[in-house]
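What follows draws every value from the coordinates through simple rules; no lab data is involved. Since the structure is predicted, the reported quantities are computational estimates derived from the model, not experimental observations. Using ideal geometry, Cβ is built from the backbone for each residue, glycine included, and neighbour counts are taken over all protein chains shown.
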Amino acid sequence: MNEKSDIHKFPLLFLLSTFFVILIFFFLNRSFLNFSKIENIMPKPYNPYPYKIPQIENKRSYLIYIVGDSMVEALGKNADDLRKDLINYYPKHEFVNYNYGFGATNILSLPARLYNLNSYHGDDYPAIINQGYDLIIIESFAYNPLSDMALSDGLKKQSEILDATFKELIKTHPDSVVSVMATIAPNKKYFGKGMLDLSSEGREKWASERMAYLENAVKFSKERNIPLINVYEKSLTAEGEGDLRYINPTDYVHPSTDGVQLICKTIADFIYENKIFPE
């Protein structure tokens with residue numbers, strides 16, 4: 001009697017064991033699928049690099065924003081020389097330039113120009129992120145370096161802010177072109193002469209620091225395939241000094257008339273040669 005009962009119990013135990021194994025497998029598989037779904041919906045870090053230049057639609061008038069410090073401000077409120085150079089290349093088109101160059105500002109001020117209303121010399125400048133444009137040019141801010149930091153830390157901070165800025169611009173304005181500009185090179189022998197009370201060693205040190213920030217902006221651009229307007233390279237002598245033709249002799253810091261023309265012509269050449277705007 002007991003042997004028969006044990007024999008009858010065996011299929012039941014087998015079925016129950018099989019059921020529990022299937023049940024465990026089902027829940028484990030379901031959990032795996034849920035984890036897969038979670039992984040799929042988790043946001044991935046936004047990475048627009050290497051950057052690809054979008055195609056700008058053909059229109060009668062093109063809008064350009066130029067952002068930087070006093071080296072950009074020197075181009076004039078509407079960068080008229082740039083407008084003339086561009087019309088020479090694009091005689092059937094008009095160009096509107098908004099100059100967001102604010103003197104004595106460093107790279108730390110760039111986010112505020114992106115997100116906030118700014119006032120400068122009595123004029124209001126709306127937050128760039130809310131504006132429409134065809135091309136935006138961000139200059140290096142090299143002439144106002146982060147001198148309170150070690151050079152390596154300052155260069156790192158410059159790269160971090162540029163990176164965050166370009167990611168935001170590309171994300172919010174995918175149909176507009178972004179670019180980096182490195183402005184004219186300083187001259188180590190004459191830097192700040194007539195304006196800054198510096199020794200020969202001080203002039204060289206200050207100029208070298210600004211060159212480091214300019215070169216870091218060039219490096220930043222090339223690493224991410226962001227279009228580069230390299231005025232810096234064009235303004236160097238064969239000896240690697242800033243060419244005095246392009247530097248204002250009243251302060252030996254800002255661009256001279258020839259320097260402004262070089263900057264504007266280099267921007268126009270960049271736009272035309274890279275076919276940023278349709279003809």
Inset, instruction - Grab the other residues whose beta carbon is less than 11 angstrom from that of N144, score K and R as +1, D and E as -1, and report the net. - result: -2
Inset, instruction - Against the globular-protein guess of 2.2 N^0.38 Å, express the Cα radius of gyration of the stretch 61-273 as a ratio, rounded to two decimals. - result: 0.98
Legend entry - Over 20 Å (Cα to Cα) - which of K52/K171; K77/K157; K205/K234; K219/K265 fall in this group: K77/K157; K205/K234; K219/K265
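Near A182, within a Cβ-to-Cβ distance under 9 Å, what is the net charge of the other residues, with Lys and Arg +1 and Asp and Glu -1?
Combined, the nearby Lys, Arg, Asp and Glu give -3.
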Legend entry - Cross-link reach list, aspartates and glutamates versus K92, counting only Cα pairs under 15 Å and skipping chain neighbours closer than eight places: E57, E279
